[in-house]
Amino acid sequence: MSATTQPANRNATILGRIRLTGILRAITGLRIGGAAGGLAIGALDNPVVRDPLTNQPYVPGSSLKGKLRSLSERIEGLTTNWRINNVYIHVCTGDRQNGRNPTYDQCPVCPVFGVPGDQYPSAPTRLLVRDAFLTESSVRELEALRLDLPYSEIKWEAAIDRVTSAAVPRQVERVPAGAVFACEMVYTLYEPRDVNRFWTVVRALALLEDDYLGSYGSRGSGKVRFEDLTLTVRPRPHYDQPVAQLPQRTFDSVDALLAARDDVLAWLREAAGLARQAG
Ligand SMILES: [Zn+2]
């Protein structure tokens, strides 16, 4: 590994944090793959992941983050060169011979979503995505419905045998359309230019709204929308000296946030106390 592929900030001092909260609404039924037979019910394939304490379905932060990363890699056309189990992801190696593979510092994806620890021992991941649980009102709504299973529905699909034309039915479990999950993401600023890198996250949310979460997206499942977004900034000094009201802005939708890009980035820089440093 040459020196130019090393991350610049090896001390990883936290300069501040941006918290993004909002709701994630299932516009169509949501299938989230989980460990079949583990948290799952019976012999259904691709089960919704359930919280073992409440039996309620939730969206694991890892699946949300993985989807946001994958979409970000694809819009940048980055080489997927790193194998994790059976999945290939993009990790910066600085190897330009093998398709588009920028250095870590130039990469729009790796500093935000992270790299394997043994590749860059001190390259901190900026974005963390928490597990998203059903909101209380959504729990009540789903309980009021007469669903096939607790908080979820059974959808029958049929695979058509191309030779005999026989329909082979299969069951899939979905969180019904209309379910609402509470989302939280925390983005850490380690250097002034991390403010601009935050936009990778916002753009990924827009990409996801036009894509799908979970599985069987091409067959209708997994359309989601983010609503009631709140950005909260906590500059480093406010961890030692808490203030009554941290700087905060709200947006109805991802599109509203996207449309205010330059304005929001300038505000984030100012609120984080990084306005006078090079970005
Ligand atoms: Zn990269």
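The values are calculated or read from the model by the stated rules, or taken from the named source; none is laboratory data. Everything numeric in this text was worked out from a predicted model, so none of it was measured. No Cβ is skipped: glycine too gets one built from the backbone with ideal geometry, and neighbour counts run over all protein chains shown. To get the accessible areas, we keep the full protein, side chains included, count just its heavy atoms, and leave off ligands, DNA and RNA. Shrake-Rupley method; radii C 1.70, N 1.55, O 1.52, S 1.80 Å.
A few remarks follow.
- Signed unit charges on C-beta, dipole axis of the stretch 227-279, positive-most listed residue Ala259, Gln241, Leu231: Gln241
- Couplings 3J(HN,Hα) for the stretch 254-261, derived from phi with the Karplus relation 6.51 cos²θ - 1.76 cosθ + 1.60 (θ = phi - 60°), are 4, 4, 5, 5, 4, 5, 9, 3 Hz, where x marks Gly and Pro.
- With the convex hull of its Cα atoms as the shape, the stretch 143-208 has an orientation-averaged projected area of 8.3 nm².
- Förster radius 41 Å - calculated FRET efficiency between Arg83 and Glu141, Cβ distance, rounded to 0.05: 0.50
- The heavy atoms of Tyr216 offer some 40 square angstrom of accessible surface to a 1.4 angstrom probe.
- Phi-derived couplings, Karplus 6.51 cos²θ - 1.76 cosθ + 1.60 at θ = phi - 60°, listed residue by residue for the stretch 12-29: 6, 7, 6, 9, x, 9, 10, 9, 10, 10, x, 10, 10, 9, 7, 7, 10, x Hz, with x used for Gly and Pro.
- Rounded to 0.05, the FRET efficiency of the Ser218 and Ala259 pair, given R0 = 30 Å and the Cβ-Cβ distance, is 0.55.
- Gap separating the Cα centres of the stretch 255-278 and the stretch 167-237, nearest whole Å: 21
- Dipole of the stretch 14-271 [Lys/Arg +1, Asp/Glu -1 at C-beta], most positive-end residue of Thr135, Ile75, Thr54: Ile75
- Gain in span if fully extended, Ser62 to Arg276, counting 0.36 nm per residue against the direct Cα distance: 73.5 nm
- Each of the peptides 21-31, 232-242 was scored by the mean count of other Cβ atoms within 10 Å over its residues; in descending order, highest first, they stand as 21-31, 232-242.
- In whole angstrom, the stretch 14-271 maps to an equivalent ellipsoid with semi-axes of 34, 25, 16, each derived as √(5λ) from the alpha carbon gyration tensor and ordered largest first.
- Charges were assigned to the Cβ only: +1 to each Lys and Arg, -1 to each Asp and Glu. The resulting dipole of the stretch 14-271 about its Cα centre is roughly 340 debye.
- R0 of 22 Å, Cβ-Cβ distance Thr125-Arg74: FRET efficiency to nearest 0.05: 0.65
- Surface composition of the stretch 14-271: carbon and sulfur make up 49 percent of the accessible area, probe 1.4 Å.
- Around Pro60: net Lys/Arg minus Asp/Glu count, Cβ-Cβ under 15 Å: +3
- Between amide H atoms placed 1.01 Å from N, distances below 5 Å from Thr135 occur with Val180, Phe181, Ala182, all of them 5 or more places distant or on a separate chain.
- Rounded to the nearest 20, the size of the Cβ-charge dipole of the stretch 125-279 about its Cα centre is 420 debye, with Lys and Arg at +1 and Asp and Glu at -1.
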